[in-house]
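Trainee: Structure provided below as structure tokens; questions to follow.
The values are calculated or read from the model by the stated rules, or taken from the named source; none is laboratory data. For clarity, every value in this text was computed on a predicted model and none was experimentally measured. Heads up, the Cβs are rebuilt from the backbone with ideal geometry, glycines too, and the neighbour counts pull from every protein chain shown. Only protein heavy atoms, including side chains, enter the accessible area calculation; ligands, DNA and RNA are left aside. Shrake-Rupley method; radii C 1.70, N 1.55, O 1.52, S 1.80 Å.
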Amino acid sequence: MTAREKALSKLWTDRCTVTVREAKTDPQTHITDFVPRVLFIDVPCRLSFQTLSAADSGSAAALTQSVKLFLSNAYEVPEGSQITVTRQGKTLTFVRAGLPGVYAYHQEIMLEPAERWA
């Protein structure tokens, strides 16, 4: 790990676990079901929250929240993964949305709240 990576990783005070759904076929019934499989456990990361306001033609502006995960480039997080983040003793669950922004020493992944993991 380079000095820049070490310095950046000191900012990662949160921890995340990444889970994917994997197709598994029963050999007797030949029915395929999707079962969860953990890819990474307790990985250092950092969540960033940003509140965005959208001007609306109505009387009130709508507020939305953008959530971004900062993570080392050493981990590949497939689209649609469930990401559970532990931050200050609280557990938050998200799904990955879109392609990650990949930089020299880290990646940034846009997240959405996991209302229902499809």
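Trainee: Which of the lysines could a cross-linker span from Lys68 if the Cα-Cα distance has to be under 22 Å and same-chain partners fewer than 8 positions apart are dropped?
Mentor: The qualifying lysines are Lys6, Lys10, Lys90.
Trainee: Quickly work out the Tyr105-to-Thr2 label distance, labels modelled 7 Å from Cα along the C-beta direction, and quote it in nm with one decimal.
Mentor: Roughly 0.8 nm, to one decimal.
Trainee: Here's another thing I want to ask about it. Nearest 5 is fine: what % of DSSP beta bridges in the chain come out antiparallel, could you say?
Mentor: On the way: 41 of 41 bridges.
Expressed as a percentage, antiparallel bridges in the chain total about 100.
Trainee: Relative to the Cα centre, what is the charge dipole magnitude of the chain, using +1 at the beta carbon of each Lys and Arg, -1 at the beta carbon of each Asp and Glu, and rounding to the nearest 20 debye?
Mentor: Around 460 debye, computed over the chain.
Trainee: What does the accessible area of Met110 come to, in Å² to the nearest 10, when a probe of 1.4 Å is used?
Mentor: So the heavy atoms of Met110 present about 70 Å² to solvent.
Trainee: Taking R0 as 25 Å, what FRET efficiency do you get between Val35 and Ser66 from their Cβ-Cβ distance, rounded to the nearest 0.05?
Mentor: Result of the calculation: an efficiency of 0.20.
Trainee: Starting from the Cα-Cα distance between Gln50 and Leu11, subtract it from 0.36 nm times their residue separation and give me the gain in nm to one decimal.
Mentor: Between Gln50 and Leu11, full extension yields 12.3 nm more.
Trainee: Through the Karplus equation 6.51 cos²θ - 1.76 cosθ + 1.60, θ set to phi - 60°, convert the phi angles of segment 10-20 into ³J(HN,Hα) values in whole Hz; use x for Gly and Pro.
Mentor: Couplings: 5, 7, 7, 9, 9, 10, 10, 10, 10, 10, 10 Hz.
Trainee: Excluding ligands and nucleic acids, what accessible area in Å² is computed for Thr51 using a 1.4 Å probe, to the nearest 10?
Mentor: 90 Å²
Trainee: Percent relative contact order of the chain, based on C-alpha pairs within less than 8 angstrom and at least six residues apart?
Mentor: Relative contact order comes out at 23 percent.
Trainee: What accessible area per residue, rounded to a whole number of Å², is obtained for the chain using a probe radius of 1.4 Å?
Mentor: Details: 8130 Å² over 118 residues.
I get 69 Å² per residue for the chain.
Trainee: What are the radius of gyration and Dmax of the chain, computed over its Cα atoms and given in Å?
Mentor: Reported Rg and Dmax, both Å: 17.3, 60.
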